[in-house]
Structure formats: structure tokens, C-alpha cells
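Below: the structure, in C-alpha cells.
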């Protein structure tokens, strides 16, 4: 059904109305209204041919809990030879094929050339033998708050654009990356243009959130919750044109990083006083030091951390900025200029390693129970029974103080360790390494924690508000010692559970490990919907069993292993270890940056001849690159873990107490 | 000659008059609901001088204690005359005599274009009570498109084209309100709250006057034409099997519809389809997954000729397919 415009009234009726009302204003206003409407129609018509409809095939139907829209998407032609820009939101589902409908009505396949992860855009390319219409951009100096703004999409219909009318609400939003409008902006026009009253383009509509990080599939969705709210954003088209040469090369445009963190406090009042400099970062290579203060960028003075962000956030990796810094205070303060090329990815944080396993704490200082073979501690001559009182500049009366001391040291750094040995105080220089990946040999653990032969019976662990169930075995452990805790995402098969509990008996007893085997809600196995339950269950288990703070493990096999990865990495800090048997990383998981105070170690197990072998090995390399230590075990093929592997897992868990 | 500021001032004065006049043709309706965040109020429009009220067909009307409140504050217990279950509209009548109420005339068929500015009048959130006039919102026609919407898990029966607007018109209580142009002509009636299946977002929309004028005029004349939601499934539906193609196993929510194999001497083979072709359109309808293809085929009769577009080595290939009788017998 097509609707016709039928606003033509019989002449006589119009005349009659005029006579009855006889308002002077009427003759003046009707054309004025019509004129304004006509102006919007003309402006829209000017750009409409550059607004293309995009359809995608395949991909995800949801990310996390967000249901993705299935409708057609919008894009804007930015070059006559076939480059098209759209919003990254539109491609969050990672479609397997992309089709673009050109102004001629022809459908053509498109290729995703690159993304802009700083402004959440994508660049597409289609093959075309016709010149495509490119819209005219508005220069940023011509934009002003209060100008009319028309948001266009091509989602509801193929042959007509969707229109929402508003004004420009603000310029330089999101630290200078976007203009803001009160026109309705939503999945109906993300990727489409924001047009002025003369038919020129302000920019490309995108969702954006001030809280979002800088990459990953979830971030493409950030800001969508503001849809149609009177707060919408567009990335200026002049900016897009300015980066086209670089962008069409095919590399993603990444947010630029310098590699420093600032003194905490309000970013609006605190000056950019450097607290830490990331090792290997552009800032570190330029010789910046903690307590330096950034005072200007490219000659423009910055007084607060927020002002600095207006220079930093719009910049990409590869951009060169010249910073002015001040070092020292008062008379002796020096100022220096330092040009830096921003980096897209900073080297990952790696935890440093000394090489001891501490004994259960009693009295002041850290009593060494075992020395890790071939570790820095072994090389420096540290021995069991030594009592460490100082690591570098940090006194270490307790274990948690020792951990903090280790966070502040870098692998490769040489630091002084103070220790008491048989009443004497010694100071030893130790060259630290990064965390080891090998699993300790049997011989190191001569004294099992518990050699009881009593059979442990599985007991029920249940959260009243969830349908899922879990069973656990708990060995007796001495009062002062905290147990290890393994939460295993089981197969749901009761026979397999029984075999597992039997085969873990010995290692649970000897190493003081509580094993919890969890069943999924659905018969068909683990799904991401189980995530909330697993979080709650982990919290319950932690409060009930009070496990060792370095020995809380989430584990699973196959799909369960993938979910274990997802849980441990999405809720960094919920566990210290992940065991994944025959499981690659979940496809949508974005690995978080390794964090100094949240250690997470990975144990990757591969059955012989597994189809996932190459995938898992590739994933392990990726995990290592991000700074996570990955231990690898190979086991005989079969659905269940063999006794040798379980015993190795037990030693791996015992070894997590290292530092 | 009128100067620009004067033109603007008089335009504004005109708009005020248009709105005031339209408000007198709109009623507030109070009825059932109030539990579990279901609002107990909605809006209606007068469509005859003798008290006929058009409103949304909803649970609000499911009570003997219904009240229709006119712009001047008078309250009436209406009579229920009938409904159109597909468009979800109901016709009421308030008992008045010897009075000419202001009303929207459904015979004057005004329509609007995408980009035209509009006004939405309704008692959203029941802000207006007694003789208070209903609220007015201004906006633009965003699109004129079929209502592909869902309410909760259910797909709405109405597939007619609607006006999508950029004013936040469809809030609780707004259903049954009026969408008018800046001259005061009725363009449509505000619909109930729904989510778009296309964008996954809440939709602001109105049913165009042309889509319901015929049906409502029949109701006015006293003939209720019972309509069934259009199901339109053919007696014998087409299947991928009948066409002679098998798709890859459907394992994901959105498995790309790749052809896995083609049966010998089948319609698919004769049309030149091959294994590994990705099906992207069936008779102009986009196919995004295996499931979508099976669903789309259901709506085609077994004897029908269909056009299929596939993606092969980056090229779009179009073929015509028909499951012939000979094949159906095998």
C-alpha cells in the first residue's frame, strides 16, 4: 500500500474557511510552514542517495544479554569508488556476509576493510563500475549549537530514508570525538548521516558511552541504552575524510595510548601527575618518570587530567603528540618537551617471581617452606626455613604485604631481599623472573597435608533460587590452613561424577583440596545463561569454605571449560586459576588486560589427538602474550581425566601459592 | 509584506489554535488495570458529532466501570459498539443528546509524507485529569513502513503500513490518541506500545487514517465485520526437500543458509544451484539463517514459482525455482 499526499482541498472550501476565520496571519503562516517542511525535504533529498541499506547474513543473535537487531542496517557512501562507512554497532554480530544495496537498486557483496575502535565505526568496500554519490561535509568551524540537524537511516524501508528532526545540542563531546544531537538516534539510523538544513553532512551516527573501554565486541554496543533519548552522537564526516588514506590500508584504527597512569582524585581538578609508567610503553621509552607532571600538549596548556583527555582521546595509535612535562618541585623543577608516538597496545603486565612457597604464617615475616627449583630464589641461595622480612623497599610482616611488594617489582629487575636465618640477618640480591609455567615435581611434596584413608562422601551444595545443583567432597584440613577450592563445571552425567569424585579422593586428601562438581541447568550442557548461577555459587563456596586466596580454581571440560574461561576472565578476581580440558577460548571473549593485583594462572589440558589441538595451542600463545602464565598438560585420549593428570593438577594447584 | 519575525509569531499563534481545537476532539478513558504496572487509562478520539469514540482495543476496556471524560471534564459511561481485532481498535459511544460535539471526520482523508512535522495528542501517563486538556508532543514522520512489531514474545497481527514518528508518542496511556499535522488534520491514531522487530527498540507510531477509516465507518453504520488475523499459509507448503536441496546442519541460532548438497535431477540442480551457495533472498525477502529459509518457504505454495538469490564466490546469482508435480510424486 502506498499513500498519496492528498492535501488539496476544493478551492471553494478554502475560500469559505478564509471568510469565516478572516485572520490576517493565516495567509502568512501557511506558506511559512510549508516552506520549512520543503527545506527539510530538499536537504534530505540532497543526501538520500548516499545513504545505503546494508544487510548481513549469519553471525550472532545476541551478545551477552543484549538481543541484536536483525533488521537492515544503514551506511554512508564516502568515496565514489565504493568505500562506505557504518557504525561498529551494526557489525557487532560478526556477520559472515555483508550485502549493500547501491543507489541504483543493485545488491552487491561488501567486504569489511577495517574498524575504527576509537570512534566505533567500520569501513566497507564494494566493487562498483559506476561513480557513487559522495555527500558534502560541513567543516567543524561552521558547526554551531542550535542548527537544525536531520538524522537519516535506511532501515524501515528500502526506497525511502527514515527521518528524525532535531538540532545540534553540543560540539566536541566525548573528549572531542563527536557532535551531539537531540534527533532520535537508534539502531534505525546508526551508520546513517546527520544532515544540516542545506543537505551537508555533520557526521555519521553512532552509539557511544563515556564509560566504555576501547575495544571488544561488547563495546560496540555501549551507549545503545541511550537510543531515542534525546542524546545522540555523530562522528564528524570531515574527520572521517581526514583519516581515509590511512584507514583504507586495512588496519584497524586504535585508540592511542602513552602508557602512564595518574594520581587518583577528581580528573577535573587533579593535575596530570604521573603515578606509574608502564614498562616498555612510549612514555617509558621517552624516559618519563613517576611524579613528573604533564603541563602542555602540542603547546596547549593542560591543568587537569580531564583537559589532557581532550588531546589524548581523539588521537589514534601512530599519532605523534609533543608533551611538555615538569619534573621536581619549587626552585629545582625542570621542564622538558617530549614528543611521543602513541601506541595501540601496551606491553602486557607480567607478574614478577621470586621462587618460594611460603609456610602457613606464624609470627613476623614470611617463612619459606619450599624453594622453587631453578628459580631466582634458588639461584640466590634462599633456603627452606629462612624468614623473609623485606622485599626491595617493602617490609613484609605478612603475606599480603609480600604480594604487594612483588606487584611493584618487574621481571628482570634485581632487588634486595632481607631474611633471617638461624638468628642472623642477611641481605641477598635477587634477579626476578616472570611467573613459571612448569608444574612442580612430586618430590617437592614429601609431606602430605592429610594421609587419612577415610572415604569422602559427596554432599549437596544448593542455592535456593536456582535450579542447578552442585556436590562437593571436603577433606579435613588443620585449623590454620586454608584449603584449595576447585569448582568443576561437570558434564551432568551422574556416573561420570561418581568416577570423578573417586579418582580425586587421594589428591583432595593429600593437598587439602575441596572439589565441587556443578551441574548445568539444561540437559544439553553449559550455556552462557548459567553464568549468573556460577557467580553466585562461587561466592557461596568462598564464604562457606574460606579457601586459600591463591588457590581458588574454576575448571571444566569442553563447553564447561569454555564457560570456565568466560567466568574467570569476565569477572577477573573471582578465581586465581582456570583449568580448561579440551577447550579453546570462547569466540566472543575479549581477554582483559592482566592486572597486577589479580593474578590468574591457566592450566590447559589436551587429550591426545584432540581436534582442538591447534586452536588450543594458538589460544595459549595469545594468553601468554597478554601476560597470563599458561601451564600445559597432555593426557591420554578419553572422556575422563586419568589418575596421572589429576595428580599433576593437584601439584599445579599446590604450586599456585608461589611468589 | 509581512516581516519574518511577524510571520513566525503568527505561525506560532496559528499552531496554538490548531492544538487547542484538536484537544477538544480528544477524550480520556479510565477503566480496568492498575495491577502489576498495567496502566488503567488510555486515550480516544471523537469521530462523530453524536459521541462516537474511537480508541485502542485493550484490557482497559474490560470493565463495566468504564469512564470517558470529555475535554470539558464531563464524564460518561460509554456503550461498547464493536471492534477491529486486527487493527486493535474499538468503537464506543457516549450517551449524549441534542449536542454537536467537535470531532475528527474520517471522510476527510489526509495523509503525510516522511519528513513532515506532526503533533501527537494523548493522555500519556494520565497526566491530564478532569477538564485538563491532553498533552501535546511535536515531532517528524520518520518513516512509513509495515508494522513489524512484537509485544512481549508475540508478533502483532497488524502488518499494515504505519507512520513511524520521532516524538516519544507511544507511552503508557497514549494508545488511542491522535496524530495530526500542523493544520490540525487527523493523520492517524496512536497505537499500543510495541517493540520493532527490525531495530529491537520501542517504536513510536500511529495507524494511518486510511488504514482504518473503511472498517470504522462500517462499525459506525452498525456492521461489525469480524476479521481473522491473516494466516495465509497455503494448503501445501513448499519445502527445501521438494526443491531438491539440503542445507548445512542448523546448529546455531543464526546458521548461515549454505546449501550442503543438491539432489540429482531436482529443480534446484536444473536451476543451476550448487553446494556451498549461500542463500540470501527468496522472492525479495532476505534470508539470514537456515531457520529463516524454512520459515519463508512455508508461505509459498508448492506450485508457486519462486526467485532465489545466492551468493557464490562473492557474486550474487539469481535463479527461478519451481517444484514440479513429477518431482512431488517421487
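The values are calculated or read from the model by the stated rules, or taken from the named source; none is laboratory data. This one's a predicted model, so the numbers in the text were calculated from it and none came from an experiment. We place every Cβ from the backbone using ideal geometry, glycine too, and count neighbours over all the protein chains shown.
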Hey, among B:214, B:222, which residue is under 30 Å from residue B:189 (Cβ atoms) and more than 13 Å from every other protein chain (Cβ to nearest Cβ)? B:222
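Of all residues in region B:162-194, how many are part of a strand (DSSP E or B), within 11 Å of another protein chain (Cβ to nearest Cβ) and buried (at least 22 other Cβ atoms within 10 Å of the Cβ)? So that I can check it myself, show each step before the final result.
Residues of region B:162-194 part of a strand (DSSP E or B): B:162-165, B:178-181, B:186-190.
Those still in the list that are within 11 Å of another protein chain (Cβ to nearest Cβ) too: B:162-165, B:181, B:187-188.
After this cut, where a residue has to be buried (at least 22 other Cβ atoms within 10 Å of the Cβ) as well, the list is B:162-165, B:187-188.
Matching residues across region B:162-194 total 6.
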Do any residues in region A:218-233 that are closer than 16 Å to residue A:180 by Cβ and in the same structural domain as residue A:149 (by TED's automatic domain parsing) have Cβ atoms under 6 Å from those of residues that are outside any loop (DSSP other than H, G, I, E, B) and modelled with pLDDT of 80 or more, where the two are at least six apart or on different chains, and which pairs are they? A:232/A:181; A:233/A:178; A:233/A:180; A:233/A:206
Subset of region A:487-512, residues in contact with a helix residue (DSSP H, G or I) (Cβ under 7 Å, 6 or more places away or on another chain), crowded, with 22+ Cβ neighbours inside 10 Å and at pLDDT 90 or above, comes to A:487, A:489, A:504
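For residues that are part of a strand (DSSP E or B) and under 29 Å from residue A:279 (Cβ atoms), scanning just region A:221-269, find the one that is farthest from the chain's Cα centre (by Cα). Talk me through it step by step, then tell me what you get.
Within region A:221-269, the subset part of a strand (DSSP E or B) is A:232-236, A:253, A:255, A:257, A:260-262.
When the remaining residues are screened for being under 29 Å from residue A:279 (Cβ atoms), the result is A:253, A:255, A:257, A:260-262.
Working: A:253: 16, A:255: 13, A:257: 15, A:260: 19, A:261: 18, A:262: 21 Å.
By that ranking, first place goes to A:262.
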Tell me, please, whether a residue that is touching a strand residue (DSSP E or B) at 6+ places or on another chain (Cβ under 6 Å), part of a helix (DSSP H, G or I), within 14 Å of chain B (Cβ to nearest Cβ) and in contact (Cβ under 8 Å) with a residue 60 or more places away in the chain can be found in region A:154-170. no
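Condition check ((1) modelled with pLDDT of 90 or more; (2) surrounded by fewer than 18 Cβ atoms within 10 Å (Cβ to Cβ); (3) closer than 22 Å to residue A:86 by Cβ) across all residues:
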| position | (1), (2), (3) |
| --- | --- |
| A:135 | yes, no, yes |
| A:139 | yes, yes, no |
| A:156 | no, no, yes |
| A:159 | no, yes, yes |
| A:163 | yes, no, yes |
| A:167 | yes, yes, no |
| A:183 | yes, no, yes |
For region A:73-112, enumerate the residues that are within 13 Å of chain B (Cβ to nearest Cβ), under 22 Å from residue A:195 (Cα atoms) and touching a residue at least 60 places away in the same chain (Cβ under 8 Å). A:73, A:74, A:87, A:89, A:90
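Scan region B:250-265 residue by residue and report those that are more than 14 Å from chain A (Cβ to nearest Cβ) and surrounded by fewer than 21 Cβ atoms within 10 Å (Cβ to Cβ).
Here is the first cut: in region B:250-265, the residues more than 14 Å from chain A (Cβ to nearest Cβ) are B:260-265.
Residues satisfying the conditions are B:260, B:261, B:263, B:264, B:265.
Only one of these is over 22 Å from residue A:230 (Cα atoms), away from chain B (no Cβ under 14 Å) and assigned to a strand (DSSP E or B): A:198, A:115. Name it. Quick ask: steps written out before the conclusion?
Numbers: A:198 fails: assigned to a strand (DSSP E or B).
Just one listed residue meets the conditions, A:115.
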Of the numbered conditions (1) buried (at least 17 other Cβ atoms within 10 Å of the Cβ); (2) in contact (Cβ under 8 Å) with a residue 40 or more places away in the chain; (3) within 14 Å of chain B (Cβ to nearest Cβ), residue A:177 fails exactly one; give the number of that condition. (3)
Number of the condition not met by residue A:537 [criteria: (1) modelled with pLDDT under 90; (2) surrounded by 18 or more Cβ atoms within 10 Å (Cβ to Cβ); (3) farther than 24 Å from residue A:631 by Cβ]: (1)
Here are the criteria: (1) part of a loop (DSSP other than H, G, I, E, B); (2) out of contact with any helix residue (DSSP H, G or I) (no Cβ under 8 Å at 6 or more places or on another chain); (3) modelled with pLDDT of 85 or more; (4) within 11 Å of chain A (Cβ to nearest Cβ). Tell me which single one residue B:95 does not satisfy. (4)
Failed item, numbered, when residue A:55 is tested on (1) at the interface with chain B (Cβ under 9 Å from one of its Cβ atoms); (2) part of a helix (DSSP H, G or I); (3) at pLDDT 75 or above: (2)
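When you go through B:68, B:86 one by one, which is the residue that is touching a helix residue (DSSP H, G or I) at 6+ places or on another chain (Cβ under 9 Å) and surrounded by 18 or more Cβ atoms within 10 Å (Cβ to Cβ)? Spell out how you get there, then give the answer.
Values: B:68 fails: touching a helix residue (DSSP H, G or I) at 6+ places or on another chain (Cβ under 9 Å).
That would be B:86, the only listed residue that is touching a helix residue (DSSP H, G or I) at 6+ places or on another chain (Cβ under 9 Å) and surrounded by 18 or more Cβ atoms within 10 Å (Cβ to Cβ).
Could you list all residues from region A:371-393 that are farther than 25 Å from residue A:443 by Cα, surrounded by 16 or more Cβ atoms within 10 Å (Cβ to Cβ) and within 35 Å of the chain's Cα centre (by Cα)?
Our first condition is that a residue be farther than 25 Å from residue A:443 by Cα; within region A:371-393, this holds for A:389-393.
Checking which are surrounded by 16 or more Cβ atoms within 10 Å (Cβ to Cβ) leaves us with A:389-392.
Listed by number, the residues that qualify are A:391, A:392.
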Residue by residue through region B:284-303, note down the ones that are closer than 24 Å to residue A:95 by Cβ and more than 14 Å from chain A (Cβ to nearest Cβ). B:294, B:297
Out of (1) modelled with pLDDT under 85; (2) touching a helix residue (DSSP H, G or I) at 6+ places or on another chain (Cβ under 6 Å); (3) farther than 26 Å from residue B:145 by Cα, the odd one out for residue B:253 is which? (2)
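Suppose we filter B:48, B:83 for residues that are in contact with a strand residue (DSSP E or B) (Cβ under 9 Å, 6 or more places away or on another chain), touching a residue at least 24 places away in the same chain (Cβ under 8 Å) and part of a loop (DSSP other than H, G, I, E, B); which single one remains?
Numbers: B:83 fails: part of a loop (DSSP other than H, G, I, E, B).
Just a single option satisfies the conditions, and that option is B:48.
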Of B:150, B:197, B:159, B:246, which residue is surrounded by fewer than 21 Cβ atoms within 10 Å (Cβ to Cβ), at pLDDT 90 or above and out of contact with any helix residue (DSSP H, G or I) (no Cβ under 6 Å at 6 or more places or on another chain)? B:246
Please give the number of the condition residue A:572 fails out of (1) more than 18 Å from the chain's Cα centre (by Cα); (2) surrounded by fewer than 23 Cβ atoms within 10 Å (Cβ to Cβ). (1)
